[in-house]
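S.K.: Dropping a structure here in structure tokens format, bear with me for questions.
The values are calculated or read from the model by the stated rules, or taken from the named source; none is laboratory data. What you see is a predicted model, and the numbers here were worked out from it, not measured in a lab. Quick reminder, even Gly has a Cβ in these numbers, built from the backbone with ideal geometry, and neighbours come from all protein chains shown.
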Amino acid sequence: MARVIDLHLHSEASDDSRAPVEAYLKWLARKRDERPLDGIVLTEHRQFDTRSDYRALEDKYGMLILKASEVETEYGHVLVYGVNDAMLQRFDFSNVRLRAQELIDEVTRMGGVAMPCHPGRPTIGLIEHYENRPPLEGVVGVEALNGGSKKGENERVAELIDTYGYHAFGGSDAHLVSFVGICATEFEKDITNTEELVEALRTGGYRPVDFRVRRAPAQPASSRT
Amino acid sequence: MKTLYFEEVEEGDELPPIDLLLTKDFVRTYAKTAGMDFPRFTDDEGARQEGLPGMIAPGVLSMGLLARLIGEWNQAAQITRIGTTFRSPVLPDCHIHLLGFVTQKDAEQHTAECDIWMENDDGERWVIGTATVLLPTRNS
């Protein structure tokens, strides 16, 4: 059962991460006081990992481990939860020019949910594309808190949510082991599997949570020293 | 700087942070010394003409600074691999912070895997990466 879940992170299965899944789990166990997570969702870039079986790691670390995908569309990047064979036959997840509206409609029809991530980010975020294109239909929620965002990006999302009434969730977008769980999503109900996750994401009853700890930097020295 | 043996390094260890004022003069000097005397690394106006917000630090400079983070943590650590992702241009004349952790150890290879990154005062991570380091052992 899980209430606090990091809904967005990348393991070594993604081309831009070297983080093993077990290293993430060990780090979360070590940082339990700072980042009280119950689960993670692996959202590998442009693919869905059909092979890996994480049940042994779930038992060993007492964490829910689910799998999803981060795909690329003309409206920016989108997280797809509840990926199944029908979706994988319908879409080539490696295609970086997927049609967002078609993806959202079809994923919903096939039992999943497609949710834009880091919408405040230039080029690959939803907000910039809403300036030039009509809003997407069927979007139920967006990643309001992304652990990799720069100053101002997450703040821009608040206005988007106000305008369109989207649900808000959070994820670390970790590519490094030590970043896992810095942002996450807290659910009102326990999540035990992908089906329950999809149902919860569709209906609401969750909020982003921020576990980042800001360090107080020392007085900087000159780069010459 | 000190020497840390494999047996003394633990997963979760923090690399002592380095806080720097990265000056334009330093970046210019580096670029010219490294044979990278291009406007984007030496001149604000020239960089703007290339579509950049101003002069930026060369990527290899950022990698070098992150290697320094490891060297100052453990002078005996031999970097066998370093990889970085440049998430944002590194704009000089600002404070930067070099940070890292030991995330994994390999007892057979006597290596450690480190997360390393550069961030600004707002916590924006401009460069992120990992490094594998070979460590001396007490028995070697």
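S.K.: Does A:Asp6 satisfy being in contact with a strand residue (DSSP E or B) (Cβ under 9 Å, 6 or more places away or on another chain) and within 14 Å of A:Gly181 (Cβ to Cβ)? Step through it out loud before you land on a result.
M.R.: On the way: in contact with a strand residue (DSSP E or B) (Cβ under 9 Å, 6 or more places away or on another chain): yes; within 14 Å of A:Gly181 (Cβ to Cβ): yes.
Yes; evaluated as a whole, the condition is true for this residue.
S.K.: Hey, another quick one. Looking at this structure, is B:Gly83 within 15 Å of the chain's Cα centre (by Cα), part of a strand (DSSP E or B), buried (at least 19 other Cβ atoms within 10 Å of the Cβ) and at pLDDT 95 or above? Steps first, answer last, please.
M.R.: Details: within 15 Å of the chain's Cα centre (by Cα): yes; part of a strand (DSSP E or B): yes; buried (at least 19 other Cβ atoms within 10 Å of the Cβ): no; at pLDDT 95 or above: yes.
Here the answer is no, as B:Gly83 does not meet what is asked.
S.K.: Could I ask something else about it? Within region A:150-178, track down each residue that is within 20 Å of A:Glu34 (Cα to Cα), of a type outside the set (Val, Ile, Thr) and within 14 Å of another protein chain (Cβ to nearest Cβ). Step through it out loud before you land on a result.
M.R.: Of region A:150-178, the ones within 20 Å of A:Glu34 (Cα to Cα) are A:169-178.
Those still in the list that are of a type outside the set (Val, Ile, Thr) too: A:169-176, A:178.
Across region A:150-178, the qualifying residues are A:Ser172, A:Asp173, A:Ala174, A:His175, A:Leu176, A:Ser178.
S.K.: Kindly establish whether B:Glu108 is part of a loop (DSSP other than H, G, I, E, B), closer than 24 Å to A:Ser11 by Cβ and among the acidic types (Asp, Glu). Spell out how you get there, then give the answer.
M.R.: On the way: part of a loop (DSSP other than H, G, I, E, B): yes; closer than 24 Å to A:Ser11 by Cβ: yes; among the acidic types (Asp, Glu): yes.
Judged against the criteria, B:Glu108 is a match.
S.K.: Also: Would you say B:Arg40 is farther than 22 Å from A:Lys151 by Cα, of a type in the set (D, E, K, R) and away from every other protein chain (no Cβ under 14 Å)?
M.R.: Yes.
S.K.: Take region A:149-178 and flag every residue that is within 11 Å of the chain's Cα centre (by Cα) and part of a loop (DSSP other than H, G, I, E, B). Spell out the reasoning first.
M.R.: Taking region A:149-178 as the starting set, the residues that turn out to be within 11 Å of the chain's Cα centre (by Cα) are A:169-174.
Those that are within 11 Å of the chain's Cα centre (by Cα) and part of a loop (DSSP other than H, G, I, E, B): A:Ser172, A:Asp173.
S.K.: Failed condition for B:Trp73, given (1) within 14 Å of another protein chain (Cβ to nearest Cβ); (2) hydrophobic (A, V, I, L, M, F, W, C); (3) in contact (Cβ under 8 Å) with a residue 40 or more places away in the chain, with all others met?
M.R.: (1)
S.K.: All but one of (1) within 30 Å of B:Ala47 (Cβ to Cβ); (2) in a strand (DSSP E or B); (3) more than 10 Å from every other protein chain (Cβ to nearest Cβ) hold for B:Pro89; which doesn't?
M.R.: (2)
S.K.: How many of the residues making up region B:10-57 are surrounded by fewer than 19 Cβ atoms within 10 Å (Cβ to Cβ) and of a type in the set (Val, Ile, Thr)?
M.R.: Residues meeting the conditions: 4.
S.K.: Is at least one residue of region B:124-131 within 14 Å of another protein chain (Cβ to nearest Cβ), crowded, with 17+ Cβ neighbours inside 10 Å, out of contact with any helix residue (DSSP H, G or I) (no Cβ under 7 Å at 6 or more places or on another chain) and hydroxyl-bearing (Ser, Thr, Tyr)? Lay out the reasoning, then the answer.
M.R.: To start, the set of residues in region B:124-131 that are within 14 Å of another protein chain (Cβ to nearest Cβ) comprises B:124-131.
From what is left, the residues that are crowded, with 17+ Cβ neighbours inside 10 Å are B:125-131.
Right, trim to out of contact with any helix residue (DSSP H, G or I) (no Cβ under 7 Å at 6 or more places or on another chain) and you get B:125-126, B:128, B:130.
Adding the requirement that they be hydroxyl-bearing (Ser, Thr, Tyr) leaves B:130.
Looking through region B:124-131, at least one residue is within 14 Å of another protein chain (Cβ to nearest Cβ), crowded, with 17+ Cβ neighbours inside 10 Å, out of contact with any helix residue (DSSP H, G or I) (no Cβ under 7 Å at 6 or more places or on another chain) and hydroxyl-bearing (Ser, Thr, Tyr).
S.K.: Can you pull out every residue in region A:161-211 that is loosely packed, with under 15 Cβ neighbours inside 10 Å and under 18 Å from A:Gly147 (Cα atoms)?
M.R.: The answer is A:Asp210, and nothing else.
S.K.: Exactly one of these conditions fails for A:Gly181: (1) more than 10 Å from chain B (Cβ to nearest Cβ); (2) in a loop (DSSP other than H, G, I, E, B); (3) modelled with pLDDT under 95. Give me its number.
M.R.: Only one criterion in (1) more than 10 Å from chain B (Cβ to nearest Cβ); (2) in a loop (DSSP other than H, G, I, E, B); (3) modelled with pLDDT under 95 is unmet by A:Gly181, namely (3).
S.K.: Something else about it: Could you please give the count of residues in region B:11-49 that are among the charged types (D, E, K, R) and in contact with a strand residue (DSSP E or B) (Cβ under 7 Å, 6 or more places away or on another chain)?
M.R.: Step one: of region B:11-49, the residues among the charged types (D, E, K, R) are B:11, B:13-14, B:19, B:24-25, B:28, B:32, B:37, B:40, B:43-45, B:48.
Of the ones still in play, those that are also in contact with a strand residue (DSSP E or B) (Cβ under 7 Å, 6 or more places away or on another chain) are B:11, B:13-14, B:19.
Within region B:11-49, residues that are among the charged types (D, E, K, R) and in contact with a strand residue (DSSP E or B) (Cβ under 7 Å, 6 or more places away or on another chain) number 4.
S.K.: Pull up region A:142-160, narrow it to residues that are surrounded by fewer than 20 Cβ atoms within 10 Å (Cβ to Cβ) and in contact with a strand residue (DSSP E or B) (Cβ under 8 Å, 6 or more places away or on another chain), then point me to the one that is farthest from A:Leu197 (Cα to Cα). Please lay out each step first, then the result.
M.R.: Looking only at region A:142-160, we keep the residues that are surrounded by fewer than 20 Cβ atoms within 10 Å (Cβ to Cβ), and these are A:150-153, A:155-156, A:158-159.
Filter once more, keeping what is in contact with a strand residue (DSSP E or B) (Cβ under 8 Å, 6 or more places away or on another chain): A:153, A:158.
Working: A:Glu153: 26, A:Ala158: 23 Å.
The selected residue is A:Glu153.
S.K.: Right, next: Which of the numbered conditions does B:Glu10 fail, given that it passes all the others? Conditions: (1) away from chain A (no Cβ under 14 Å); (2) modelled with pLDDT of 95 or more.
M.R.: (1)
S.K.: Evaluate the following for A:Leu9: is it of a type in the set (A, V, I, L, M) and either within 14 Å of chain B (Cβ to nearest Cβ) or closer than 21 Å to A:Leu145 by Cα (or both)? Full working, then the answer.
M.R.: On the way: of a type in the set (A, V, I, L, M): yes; either within 14 Å of chain B (Cβ to nearest Cβ) or closer than 21 Å to A:Leu145 by Cα (or both): yes.
Considered against the rule, which asks whether it is of a type in the set (A, V, I, L, M) and either within 14 Å of chain B (Cβ to nearest Cβ) or closer than 21 Å to A:Leu145 by Cα (or both), A:Leu9 comes out as yes.
S.K.: Yes or no: A:Ala221 within 30 Å of B:Asp25 (Cβ to Cβ), modelled with pLDDT under 95, touching a strand residue (DSSP E or B) at 6+ places or on another chain (Cβ under 8 Å) and within 14 Å of chain B (Cβ to nearest Cβ)? Show your work before the answer.
M.R.: Working: within 30 Å of B:Asp25 (Cβ to Cβ): yes; modelled with pLDDT under 95: yes; touching a strand residue (DSSP E or B) at 6+ places or on another chain (Cβ under 8 Å): yes; within 14 Å of chain B (Cβ to nearest Cβ): yes.
So A:Ala221 passes the test.
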